Amino acid sequence: MLKIAFIAHDRKKDEIVNFVLAYEHVFVGHELFSTGTTGQRIMDVTSLKIHRYMSGPLGGDQQIGAMVAQDELDLIIFLRDPLMAQPHEPDITALLRLCDVYGIPVATNIATAEVLVKAIDRGDFAWRELVHKYKPGVDE
Ligand SMILES: O=C(CO)COP(=O)(O)O
(Lines give C-alpha, C1' and ligand atoms only; values in the text may rest on other atoms or scores of the structure.)
Protein backbone atom coordinates (compact mmCIF):
# COMPACT_ATOMS: atom_id res chain seq x y z
CA MET A 1 0.00 0.00 0.00
CA LEU A 2 1.42 3.35 -1.06
CA LYS A 3 0.79 6.75 0.49
CA ILE A 4 -0.42 9.04 -2.27
CA ALA A 5 -1.38 12.75 -2.13
CA PHE A 6 -3.69 14.69 -4.46
CA ILE A 7 -3.46 18.45 -4.85
CA ALA A 8 -4.96 20.69 -7.53
CA HIS A 9 -5.31 24.41 -8.01
CA ASP A 10 -8.81 25.73 -8.56
CA ARG A 11 -8.84 25.70 -12.35
CA LYS A 12 -7.43 22.16 -12.29
CA LYS A 13 -9.95 20.74 -9.83
CA ASP A 14 -12.31 19.30 -12.47
CA GLU A 15 -9.32 17.65 -14.14
CA ILE A 16 -8.08 15.94 -10.97
CA VAL A 17 -11.60 14.85 -10.02
CA ASN A 18 -12.13 13.24 -13.43
CA PHE A 19 -8.68 11.66 -13.29
CA VAL A 20 -9.15 10.11 -9.85
CA LEU A 21 -12.64 8.96 -10.81
CA ALA A 22 -11.26 7.23 -13.90
CA TYR A 23 -8.56 5.46 -11.88
CA GLU A 24 -10.52 4.91 -8.67
CA HIS A 25 -9.92 1.17 -9.02
CA VAL A 26 -6.16 1.80 -8.78
CA PHE A 27 -6.26 4.33 -5.94
CA VAL A 28 -8.69 2.38 -3.76
CA GLY A 29 -5.93 0.05 -2.56
CA HIS A 30 -3.75 2.86 -1.22
CA GLU A 31 -3.63 5.35 1.61
CA LEU A 32 -4.74 8.72 0.30
CA PHE A 33 -4.07 12.30 1.39
CA SER A 34 -4.91 15.72 -0.03
CA THR A 35 -5.18 19.40 0.55
CA GLY A 36 -8.56 20.51 1.88
CA THR A 37 -10.72 21.45 -1.07
CA THR A 38 -9.17 19.03 -3.53
CA GLY A 39 -9.87 16.08 -1.24
CA GLN A 40 -13.44 17.18 -0.61
CA ARG A 41 -14.12 17.49 -4.34
CA ILE A 42 -12.74 13.99 -4.96
CA MET A 43 -14.67 12.43 -2.09
CA ASP A 44 -17.89 14.05 -3.34
CA VAL A 45 -17.83 11.86 -6.46
CA THR A 46 -15.89 8.74 -5.47
CA SER A 47 -16.10 6.27 -2.60
CA LEU A 48 -12.45 6.88 -1.70
CA LYS A 49 -11.47 7.83 1.82
CA ILE A 50 -8.94 10.66 1.82
CA HIS A 51 -7.18 12.25 4.76
CA ARG A 52 -7.59 15.96 4.10
CA TYR A 53 -5.12 18.53 5.32
CA MET A 54 -5.64 22.31 5.36
CA SER A 55 -6.47 24.12 2.16
CA GLY A 56 -3.32 25.02 0.19
CA PRO A 57 -3.28 28.76 0.92
CA LEU A 58 -3.77 28.00 4.63
CA GLY A 59 -0.82 25.61 4.93
CA GLY A 60 -1.93 22.38 3.25
CA ASP A 61 1.06 22.24 0.89
CA GLN A 62 3.36 22.66 3.88
CA GLN A 63 1.62 19.86 5.76
CA ILE A 64 2.11 17.56 2.80
CA GLY A 65 5.72 18.79 2.57
CA ALA A 66 6.22 17.75 6.19
CA MET A 67 5.07 14.23 5.28
CA VAL A 68 7.65 14.13 2.48
CA ALA A 69 10.40 15.28 4.87
CA GLN A 70 9.45 12.51 7.29
CA ASP A 71 9.43 9.89 4.52
CA GLU A 72 5.72 9.36 5.00
CA LEU A 73 4.58 9.91 1.42
CA ASP A 74 5.36 7.87 -1.68
CA LEU A 75 3.90 9.84 -4.57
CA ILE A 76 2.12 13.14 -5.30
CA ILE A 77 -0.27 14.17 -8.06
CA PHE A 78 -0.18 17.97 -7.97
CA LEU A 79 -2.02 19.60 -10.84
CA ARG A 80 -0.71 23.13 -10.74
CA ASP A 81 -2.17 26.09 -12.55
CA PRO A 82 0.72 27.50 -14.57
CA LEU A 83 -1.31 30.50 -15.76
CA MET A 84 -2.49 31.92 -12.46
CA ALA A 85 -0.40 33.42 -9.64
CA GLN A 86 -1.04 31.79 -6.25
CA PRO A 87 -0.83 33.71 -2.95
CA HIS A 88 1.05 30.77 -1.39
CA GLU A 89 3.60 30.36 -4.21
CA PRO A 90 6.49 29.96 -1.70
CA ASP A 91 4.72 26.98 -0.12
CA ILE A 92 4.25 25.35 -3.53
CA THR A 93 7.91 25.84 -4.41
CA ALA A 94 8.92 24.44 -1.03
CA LEU A 95 6.85 21.30 -1.52
CA LEU A 96 8.27 20.64 -4.98
CA ARG A 97 11.76 21.25 -3.65
CA LEU A 98 11.28 18.65 -0.91
CA CYS A 99 10.08 16.14 -3.51
CA ASP A 100 13.39 16.66 -5.30
CA VAL A 101 15.37 16.47 -2.07
CA TYR A 102 13.83 13.10 -1.19
CA GLY A 103 13.29 11.72 -4.70
CA ILE A 104 9.52 11.54 -4.38
CA PRO A 105 7.68 11.13 -7.71
CA VAL A 106 5.46 14.15 -8.34
CA ALA A 107 3.25 14.70 -11.38
CA THR A 108 2.45 18.35 -12.05
CA ASN A 109 0.33 17.78 -15.14
CA ILE A 110 -2.18 15.21 -16.31
CA ALA A 111 0.14 13.58 -18.85
CA THR A 112 2.69 12.68 -16.17
CA ALA A 113 -0.09 11.70 -13.79
CA GLU A 114 -1.27 9.13 -16.36
CA VAL A 115 2.19 7.62 -16.54
CA LEU A 116 2.48 7.43 -12.76
CA VAL A 117 -0.92 5.85 -12.23
CA LYS A 118 -0.10 3.14 -14.75
CA ALA A 119 3.19 2.54 -12.97
CA ILE A 120 1.35 2.27 -9.63
CA ASP A 121 -1.04 -0.25 -11.18
CA ARG A 122 1.87 -2.34 -12.49
CA GLY A 123 3.53 -2.37 -9.06
CA ASP A 124 6.52 -0.31 -10.18
CA PHE A 125 6.64 1.45 -6.80
CA ALA A 126 6.68 -1.70 -4.69
CA TRP A 127 10.28 -0.85 -3.79
CA ARG A 128 8.95 1.99 -1.67
CA GLU A 129 7.45 -0.56 0.70
CA LEU A 130 10.89 -2.11 1.13
CA VAL A 131 12.30 1.32 1.93
CA HIS A 132 9.68 1.73 4.68
CA LYS A 133 10.29 -1.75 6.04
CA TYR A 134 14.00 -1.18 6.54
CA LYS A 135 13.83 2.48 7.44
CA PRO A 136 16.22 3.29 10.27
CA GLY A 137 14.93 5.37 13.16
CA VAL A 138 15.65 9.10 13.05
CA ASP A 139 18.34 8.75 15.74
CA GLU A 140 20.22 5.94 14.01
O1 LIG B 1 -3.81 25.51 -3.18
C2 LIG B 1 -3.64 24.33 -3.31
C3 LIG B 1 -2.31 23.78 -3.61
O4 LIG B 1 -1.30 24.74 -3.71
C5 LIG B 1 -4.76 23.37 -3.18
O6 LIG B 1 -5.54 23.61 -2.03
P7 LIG B 1 -7.06 23.16 -2.01
O8 LIG B 1 -7.11 21.72 -2.35
O9 LIG B 1 -7.55 23.38 -0.59
O10 LIG B 1 -7.78 24.03 -3.00
Round to the nearest 0.05 the FRET efficiency obtained for Trp127 and Glu15 when R0 = 22 Å and r is the Cβ-Cβ distance. 0.15
What number, in percent, do you get for the relative contact order of the chain if the mean sequence gap of Cα pairs under 8 Å and at least 6 apart is divided by its residue count? 27 percent
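Can you put Tyr53, Tyr102 in order of accessible area, largest first, using a 1.4 Å probe?
Tyr102, Tyr53
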At 7 Å along the Cα-to-beta-carbon direction for both Val101 and Arg80, put a label point, then send me their distance in nm to one decimal. 1.7 nm
Only Lys, Arg, Asp and Glu count, each charged at its Cβ (+1, +1, -1, -1), so figure out the dipole size of segment 72-140 about its Cα centre, rounded to 20 debye. 180 debye
Let's test this: bin the Cα-Cα distances of segment 35-102 at 5 Å from zero up to the farthest pair and state each bin's percent. 3, 16, 26, 26, 18, 9, 2
Between segment 49-122 and segment 15-38, what is the separation of their alpha carbon centroids in Å? 13 Å
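If packing is taken as the mean number of other Cβ atoms within 10 Å per residue, what is the order of 9-16, 109-116, 123-130, highest first? Present the calculation step by step, with values, prior to reporting the outcome.
Working: 9-16: 16.6, 109-116: 14.6, 123-130: 12.0.
Packing order, densest peptide first, comes out as 9-16, 109-116, 123-130.
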Within-14-Å neighbourhood charge of His25 [Cβ basis; K, R +1; D, E -1]: 0
Would you mind calculating the relative contact order of segment 1-76 from Cα pairs under 8 angstrom and at least 6 residues apart, reporting the percent as a whole number? 37 percent
Which value at 222 nm does the chain reach when only helices count, each DSSP H run of 4 or more adding -39,500 (n - 2.57), with the total divided by all residues and rounded to the nearest 500 deg cm²/dmol? -14000 deg cm²/dmol
How much of the pair distance distribution for the chain lies past 19 Å, counting alpha-carbon pairs only, in percent? 47 percent
Which of the helices in the chain, when you take each full DSSP H run, stretch at least 27 Å along the axis at their Cα atoms and have an average Kyte-Doolittle score of -1.0 or higher? none
What spacing in nm lies between the two simple spin-label points modelled at Met54 and Glu72, each 7 Å away from Cα in the Cβ direction? 1.5 nm
D (µm²/s, integer) via Stokes-Einstein for segment 1-76, Kirkwood Rh across alpha-carbon pairs, 25 °C, 0.890 mPa s: value 201 µm²/s
Please check which bits of segment 62-77 a label hung off Ala94 would reach, taking the label as a point 7 Å along Cα-to-C-beta and the cut-off as backbone N under 14 Å. 62-70
Using a Cα-Cα cut-off of under 20 Å, which aspartates and glutamates could be cross-linked to Lys133, ignoring same-chain neighbours fewer than 8 residues away? Glu31, Asp71, Glu72, Asp74, Asp124
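With every protein chain kept in place and ligands, DNA and RNA left out, what is the accessible area per residue of the chain? Probe 1.4 Å, answer in Å². Provide the component values of the computation, followed by the final result.
Working: 7500 Å² over 140 residues.
With all protein chains present, the chain gives 54 Å² per residue.
The values are calculated or read from the model by the stated rules, or taken from the named source; none is laboratory data. Computed from a predicted structure; not experimentally measured. Backbone-built Cβ (ideal geometry, glycine too); neighbour counts: all protein chains shown. What goes into the accessible areas is simple: the full protein's heavy atoms, side chains included, and nothing from ligands, DNA or RNA. Shrake-Rupley method; radii C 1.70, N 1.55, O 1.52, S 1.80 Å.
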